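Here the structure comes first, spelled out in structure tokens, and everything after it is commentary.
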Amino acid sequence: QVQLMESGGGLVQAGGSLRLSCAAFGSIFSINVMGWYRQAPGKQRELVALITSGGITNYAEHVKGRFTISRDNAKNTVYLQMNSLKPEDTAVYYCSLVQRTTTYWGQGTQVTVSS
């Protein structure tokens with residue numbers, strides 16, 4: 001089994017920055033994809049960014065140029081550096097890990113951006 005533990009959410013003013021972290025524990029394979037999704041109240045969960053174990057990244061259009069995803073394979077940890085935050089970035093941010101055919105999710109961390 002795999003467990004994901006997120007940290008780093010909080011309250012920030014518009015234009016500010018936050019860094020999210022997500023550590024994976026358990027049976028982690030060397031080849032996997034880790035990422036971040038978010039869900040705002042009344043909306044569906046949406047992709048924010050993904051990164052493969054080889055370092056290939058993919059970003060949603062609305063965060064390109066503002067957010068940076070990275071990972072430390074030795075620590076099985078993925079990070080999301082969020083800059084120039086906007087009120088519309090307010091959501092619960094979920095970490096994900098996909099390996100083989102299984103997707104694992106973290107419990108989520110709240111990010112609130114005040115205007």
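The values are calculated or read from the model by the stated rules, or taken from the named source; none is laboratory data. Computed from a prediction, not measured in an experiment: that's the story for all the values here. Don't worry about glycine lacking a Cβ; one is built from the backbone with ideal geometry, like all the others, and counts go over all protein chains shown. When the accessible area is computed, the model is the full protein with side chains, heavy atoms only, and any ligands, DNA or RNA have been set aside. Shrake-Rupley method; radii C 1.70, N 1.55, O 1.52, S 1.80 Å.
Side notes on the structure shown:
- Single condition Thr103 does not satisfy, out of (1) in contact (Cβ under 8 Å) with a residue 12 or more places away in the chain; (2) farther than 17 Å from Gln44 by Cα: (1)
- Restricting attention to region 8-39 and to residues that are of a type in the set (S, T, N, Q) and in contact with a Leu (Cβ under 7 Å, 6 or more places away or on another chain), the residue that is farthest from Thr102 (Cα to Cα) turns out to be Ser17.
- Counted residues, region 36-46 - those being in a strand (DSSP E or B) and either aromatic (Phe, Trp, Tyr) or open to solvent by less than 50 Å² (accessible area, probe 1.4 Å) (or both): 3
- Exactly one residue among Thr68, Thr77 is under 15 Å from Leu20 (Cβ atoms) and in contact (Cβ under 8 Å) with a residue 24 or more places away in the chain, and that residue is Thr77.
- Residues of region 50-97 that turn out to be part of a helix (DSSP H, G or I), open to solvent by 10 Å² or more (accessible area, probe 1.4 Å) and of a type in the set (A, V, I, L, M, F, W, C), as a count: 1
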